[in-house]
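Step one of this worksheet: look at the structure below.
The values are calculated or read from the model by the stated rules, or taken from the named source; none is laboratory data. As the structure is a prediction and not an experimental result, all values here were calculated from the model. Don't worry about glycine lacking a Cβ; one is built from the backbone with ideal geometry, like all the others, and counts go over all protein chains shown.
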Amino acid sequence: MMVFTIGYEGLSINRFMSLLTRHDIETVVDIRELPLSRKPGFSKRALASVLNLSGLEYAHMIELGCPKSVRDRYREDDNWERYTEGFLNHLKAQGSAIAELSALVRSSRCALLCFEANYNFCHRSMVANAVRDYCGAEIMHIQAVGSGARTTKSGTPQLAFA
């Protein structure tokens, strides 16, 4: 059992879809609190539409998005450790959402979606860690590199900034 993560920063919708296809992703789980984007194709309705037309599923799990208060504080102080602490505190209260996501990961090849290219500085790695801790799923981070792609396997449990 595997849970993938992917960030769309720097990607066109076509490149994004290519990466999903390359990794046999069946379901994209959008874990942005507000699934809006200035990048064409990455707002909720447009993304769900392109995924569905390609035979993929789209799920939005708002409970696993980073709360506005944590995001706003990070914009003000740029303190990743404080951001991580704030998001992990939020995540502790999301047990039912983690259970629901874990069930989805058991039945479908899922990729957790957020914006940031670097999973080390994105809450999606913390959500993936919570899924791993809940159901034992392995974590693979899909990263676009130049014209190719790299998939990084998470090893031992660690915080996103480690």
message = Within the range 85-162, considering only strands (runs of 3 or more DSSP E) that don't extend past its boundaries, which have at least 2 residues that are at pLDDT 95 or above and of a type outside the set (Ser, Thr, Tyr)?
response = 110-114, 138-145
remark   = The correct count of residues that are in a helix (DSSP H, G or I) and surrounded by fewer than 15 Cβ atoms within 10 Å (Cβ to Cβ) in the range 61-83 is 10
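In the range 1-19, which residues are closer than 26 Å to Leu91 by Cα and either part of a helix (DSSP H, G or I) or without any contact (Cβ under 8 Å) to a residue 12 or more places away in the chain (or both)? Show your work before the answer.
Filtering the range 1-19 for residues closer than 26 Å to Leu91 by Cα gives 1-9.
Listed by number, the list is empty, since nothing qualifies.
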key: Sole exception among (1) buried (at least 19 other Cβ atoms within 10 Å of the Cβ); (2) not polar (S, T, N, Q); (3) not in a loop (DSSP other than H, G, I, E, B) for Tyr58, by number   = (1)
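How many residues are among the hydroxyl-bearing types (Ser, Thr, Tyr) and part of a helix (DSSP H, G or I) when one looks only at the range 20-30? Working first, answer last.
Going residue by residue through the range 20-30, those that are among the hydroxyl-bearing types (Ser, Thr, Tyr) are 21, 27.
Remaining after also requiring part of a helix (DSSP H, G or I): 21.
Of the residues in that region, 1 qualify.
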message = Based on this model, can you work out whether Gly86 counts as touching a strand residue (DSSP E or B) at 6+ places or on another chain (Cβ under 8 Å) and either surrounded by 14 or more Cβ atoms within 10 Å (Cβ to Cβ) or among the β-branched types (Val, Ile, Thr) (or both)?
response = no
